[in-house]
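The values are calculated or read from the model by the stated rules, or taken from the named source; none is laboratory data. Just so we're clear, the structure is a prediction, and the values are computed from it rather than from any experiment. Every residue, glycine as well, gets a Cβ built from its backbone with ideal geometry; the counts of neighbours run over all protein chains shown. These area figures cover heavy atoms from the full protein model, side chains too; ligands, DNA and RNA do not enter into them. Shrake-Rupley method; radii C 1.70, N 1.55, O 1.52, S 1.80 Å.
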Amino acid sequence: MKFWTANHKPHESPTRALYGVVMTGWFSRLVVGMTIRMPKWFVGWVSRRYVAGNTIDDAIKVMKRLSKENACFTVDVLGEEITNLEEAQYFIDEYKNLISAIIRHNIDSNLSIKPTAFGLLIDREKGYDNIRNLVEMAAHNDMFVRLDMEDHRVTQATIDVVVDLHSEGLTNVGTVYQGRLFRVLSDIDYLEEKLGPAADYRICKGIYLEPEEIAHTGYSEIVSATNACIDKMLESGSYCAIASHDKPVINHALSALKSYGMGPNIDDPRKNSGKPRAGKGPGYEFQMLLGVRGPLRRKLSKQGHRTRVYIPYGEKWYEYSIRRLQENPTVGVQIAKAFLMPWSNRP
Ligand code: FAD
């Protein structure tokens with residue numbers, strides 16, 4: 001069952017849940033199918049809520065506004081897999097300008113990058129050099145760089161880049177693990193073995209609908225697997241950024257944190273944890289996407305948890321939006337909700 005990611009909640013009856021799942025898949029595909037055939041302005045209208053704008057100034061403006069809600073940030077220059085190495089230069093230049101702008105405006109932000117946009121799938125060595133170049137510049141400015149995790153073709157290559165950069169002394173870098181992948185628990189063991197408590201994860205469910213041979217495809221399994229990762233990461237002493245808008249994941253994380261005596265305004269009490277880093281929370285933080293579940297994020301922030309908003313911006317917003325829609329048609333439900341019930345799920 002690859003065409004949907006189940007969206008039912010555990011308290012629902014199985015029949016209702018099944019109906020919800022089927023309807024969600026069918027309805028989502030319909031809305032997504034319609035949206036990608038719409039004129040660019042309509043896709044722009046849909047994306048407006050999730051994309052900060054075209055330029056660095058647009059991203060800075062959004063971050064200044066959300067700083068007032070006590071948020072910190074990670075910024076992503078939109079665009080993904082390049083087809084020739086020259087295209088990587090756009091990302092290198094843009095991220096460098098972005099670092100300067102973040103410093104100049106004194107914004108509490110780090111960076112998120114897509115390894116394939118730096119050429120990792122075209123030429124491993126050149127892609128690695130491009131990424132190192134940027135991570136070095138970020139290190140000079142005490143800034144952390146997160147390597148977003150893309151589809152399974154680059155899972156191992158992305159993990160390897162992080163390990164190699166650490167071995168070169170660049171420890172201001174970490175990656176993302178996707179709870180839906182079967183391999184993820186052994187990947188946590190692997191990074192623990194290689195990096196010890198310097199491992200710094202973002203844990204999410206995973207946006208790519210991976211084949212059922214390598215990944216969970218049902219909602220409950222994905223939630224359980226993601227929660228198991230959170231437990232293992234916390235147990236290993238690593239830094240754990242919980243990237244989810246889903247209450248069963250957030251509530252699980254909150255109770256797991258409690259069991260380790262971790263929480264707002266408490267220094268990380270775990271005996272095996274790494275050194276605190278500038279710009280990070282006490283061993284953990286919550287992360288959400290721009291435009292999604294603002295009320296929940298503000299609630300966590302009010303409780304004192306460090307909350308980071310993922311800010312995508314860039315000229316390639318159209319390609320990004322279309323690709324995201326095609327990749328994960330369940331977003332269709334969110335589009336319909338934003339259109340029909342604009343007051344729900346406020347940014
Ligand atoms: P869901 O069950 O999908 O969502 C819970 C609820 O949140 C929904 O019912 C809805 O109300 C709301 N919601 C969720 N998504 C949206 C949306 N797009 N629009 C409106 N409302 C929405 N995936 C990767 O594969 N690699 C990455 O590097 C990566 N980085 C991420 C970084 C951050 C900060 C976040 C928050 C997510 C990232 N993801 C990444 C995506 C992630 O894997 C999930 O696909 C995504 O977060 C949806 O899962 P969820 O846990 O929020 O739960």
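The table that follows gives values for the structure above.
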quantity: GNM top mover of LEU290, LEU30, LEU98 - the chain, alpha-carbon springs below 10 Å; calculated: LEU30
quantity: Amide H contacts under 5 Å for ASN54, placed H, 5+ residues apart; calculated: GLY314
quantity: Candidates TYR260, TYR177, TYR95: whichever shows maximal mean-square fluctuation once the chain is modelled as a Gaussian network with Cα springs under 10 Å; calculated: TYR260
quantity: Relative contact order of the chain, defined on C-alpha pairs under 8 angstrom at six or more residues apart (%); calculated: 25 percent
quantity: Computed over segment 227-322: relative contact order in percent, which uses C-alpha pairs under 8 Å that are six or more apart; calculated: 27 percent
quantity: The chain: most fluctuating residue of LYS114, LYS247, LYS271 per GNM, C-alpha cutoff 10 Å; calculated: LYS271
quantity: Extension gain from HIS140 to ILE266, taking 0.36 nm per residue of separation minus the Cα-Cα distance; calculated: 42.5 nm
quantity: Per residue accessible area in Å² of the chain, where ligands, DNA and RNA are left out and the probe is 1.4 Å; calculated: 46 Å²
quantity: Estimated distance in nm for a label pair at GLU221 and GLU193, the labels positioned 7 Å out from Cα along Cα-to-Cβ; calculated: 2.6 nm
quantity: Cross-link pairs beyond the 19 Å C-alpha cut-off, checked among LYS194/LYS275; LYS232/LYS299; LYS68/LYS299; calculated: LYS232/LYS299
quantity: Accessible surface of the chain [probe 1.4 Å, protein heavy atoms]: carbon and sulfur percent; calculated: 55 percent
quantity: Hull shadow area, averaged, the chain [alpha-carbon convex hull, nm²]; calculated: 16.6 nm²
quantity: MET288, MET137, ranked by accessible area, largest first (probe 1.4 Å); calculated: MET137, MET288
quantity: Listed residues TRP45, TRP317 arranged by accessible area, highest first, probe 1.4 Å; calculated: TRP45, TRP317
